1. Using a cut-off of 12 Å between beta-carbons, work out the net charge of the residues near Ile31 (Lys and Arg +1, Asp and Glu -1, Ile31 not included).
2. Counting Lys and Arg as +1 and Asp and Glu as -1, what is the net charge of the other residues whose Cβ lies under 13 Å from the Cβ of Val151?
3. For the chain, what is the convex hull volume of the alpha-carbon atoms per residue, in Å³?
4. If you roll a 1.4 angstrom probe over the protein chains with everything in place, what fraction of the accessible area of the chain belongs to carbon and sulfur, to the nearest %?
5. In the chain, what % of DSSP beta bridges are antiparallel (nearest 5)?
6. Averaged per residue, what accessible area in Å² does the chain show with a 1.4 Å probe, protein chains only?
7. Lys10: which lysines have alpha carbons under 26 Å from its alpha carbon, excluding same-chain residues fewer than 8 sequence positions away?
8. With just the Cα atoms defining each centre, how far is region 52-107 from region 112-134? Give it in Å.
Amino acid sequence: MSAEIETRLKDLGVTLPQAAAPAANYVPYVISGSMLYISGQLPMEGGKIAVTGHVGKDVDVAGAQRAAELCAINILAQAKSALGGDLGRIRRLVKINGFVASTPEFIEQHLVLNGASNLLANVLGDAGKHARAAVGMAALPFNAAVEIDAVIEIA
């Protein structure tokens with residue numbers, strides 16, 4: 001399965017970055033039994049926040065979907081780090097929680113999260129089909145447009 005995942009990533013033109021270090025007093029992930037909990041990931045690219053501002057004002061839906069996709073890429077990078085490089089240990093992506101910095105009038109957070117959901121399903125196949133929440137927020141750390149955390153069942 002790990003080779004399949006790596007092939008899918010390559011086919012999508014995705015190279016997983018080095019897993020980002022925490023920005024405060026927390027750990028990037030916790031493994032408890034057969035569950036991997038990944039802390040919120042920001043839309044990091046090239047070592048910096050790639051998409052900033054509020055959706056509905058500074059960022060359009062397409063830009064926010066790209067931010068969500070970057071968050072998903074960083075979730076996979078954290079999972080790879082947590083699992084000793086073996087993404088094949090992922091049995092099921094159980095749930096993602098998506099937080100979208102948005103104006104009070106913006107009501108399409110669910111469309112923003114499709115950027116992450118689509119990538120994760122394409123990379124992980126059936127194991128990537130997940131439950132999720134998409135929530136509008138007043139602000140996120142470092143003025144990021146999107147933040148997403150994940151719960152993953154592992155072997």
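1. On the way: positive: Arg89; negative: Glu153.
It works out to a net charge of 0.
2. Working: positive: Arg91, Arg92, Lys95, Arg132; negative: Asp149, Glu153.
Once all neighbours under 13 Å are counted, the net charge is +2.
3. Numbers: hull volume 15.2 nm³, N = 155.
Output value, Cα hull per residue: 98 Å³.
4. On the way: 3850 of 7460 Å².
For the chain, the apolar C and S fraction of the accessible surface comes to 52 percent.
5. Values: 21 of 30 bridges.
For the chain, the DSSP antiparallel bridge percentage is about 70.
6. Numbers: 7460 Å² over 155 residues.
Dividing the accessible area of the chain by its residue count gives 48 Å².
7. Straight-distance partners of Lys10: Lys48, Lys80, Lys95, Lys129.
8. 9 Å
The values are calculated or read from the model by the stated rules, or taken from the named source; none is laboratory data. The structure displayed is predicted, hence computed values, not measured ones. With ideal geometry, Cβ positions are generated from the backbone for all residues, glycine too; neighbour counts draw on all protein chains shown. Side chains included, ligands, DNA and RNA excluded: accessible areas come from the protein's heavy atoms. Shrake-Rupley method; radii C 1.70, N 1.55, O 1.52, S 1.80 Å.
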